[in-house]
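Since the structure comes first, as structure tokens, the remarks are kept for the end.
The values are calculated or read from the model by the stated rules, or taken from the named source; none is laboratory data. Remember, predicted model here, so these are calculated numbers, not experimental data. FYI the Cβ positions are ideal-geometry reconstructions off the backbone, even for glycines, and counts take in every protein chain you see. Quick note on the areas: whole protein, heavy atoms, side chains included, nothing else; ligands and nucleic acids left out. Shrake-Rupley method; radii C 1.70, N 1.55, O 1.52, S 1.80 Å.
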Amino acid sequence: GGSICSIAVAPSGIRIACTDSALFAISKCGMQSLLAGHRTETGFTDGQGGEARFNRPHGITVNGDGNLLVSDTYNHALRKVTLSGAVSTLAGNGEEGFADGVGAAARFNEPWGIVVDAQ
């Protein structure tokens with residue numbers, strides 16, 4: 001999977017690292033396991049664990065529900081990943097652009113970082 005782009009810490013203390021095409025869970029004792037995506041294959045697919053595909057996810061954070069929010073940079077999308085590895089697209093549809101909208105109607109141009117407001 002490439003080099004680590006970003007790291008977030010889940011409420012359980014597990015660290016989540018994103019690489020060029022995948023998210024990995026790193027336990028407190030350092031054990032690494034694939035959470036979602038593929039070690040080397042990029043793409044734009046929602047799904048469970050290894051069925052999902054990302055293309056250069058760079059930003060990652062944890063929301064108030066304990067889910068991961070990921071800026072999937074080259075897919076021009078924002079994705080949600082549960083700690084069980086289920087991936088869904090929150091906004092964007094893989095086409096770059098600039099447009100406010102809900103879900104697939106939103107457009108981004110290589111979103112990089114992502115943060116969650118505590119409110």
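Okay, here's what the table says:
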{"item": "Filter result for GLY2 (surrounded by fewer than 18 Cβ atoms within 10 Å (Cβ to Cβ), on the phi > 0 side of the Ramachandran plot and part of a loop (DSSP other than H, G, I, E, B))", "result": "yes"}
{"item": "Failed item in (1) surrounded by 14 or more Cβ atoms within 10 Å (Cβ to Cβ); (2) in contact with a Gly (Cβ under 8 Å, 6 or more places away or on another chain); (3) at pLDDT 95 or above; (4) over 20 Å from GLU41 (Cα atoms), with LEU68 passing the rest", "result": "(2)"}
{"item": "Flag for ASN63 being of a type in the set (S, T, N, Q), touching a residue at least 24 places away in the same chain (Cβ under 8 Å) and surrounded by fewer than 22 Cβ atoms within 10 Å (Cβ to Cβ)", "result": "yes"}
{"item": "Options SER71, SER84, SER33: the member that is closer than 26 Å to ASN109 by Cα and of a type in the set (S, T, N, Q)", "result": "SER71"}
{"item": "ILE16 vs. criteria touching a strand residue (DSSP E or B) at 6+ places or on another chain (Cβ under 8 Å) and part of a strand (DSSP E or B)", "result": "yes"}
{"item": "Tally of residues being crowded, with 17+ Cβ neighbours inside 10 Å and among the acidic types (Asp, Glu) across the stretch 82-119", "result": "0"}
{"item": "The stretch 5-44, subset more than 17 Å from LEU69 (Cα to Cα) and of a type in the set (Ser, Thr, Tyr), residue least open to solvent (accessible area, probe 1.4 Å)", "result": "SER27"}
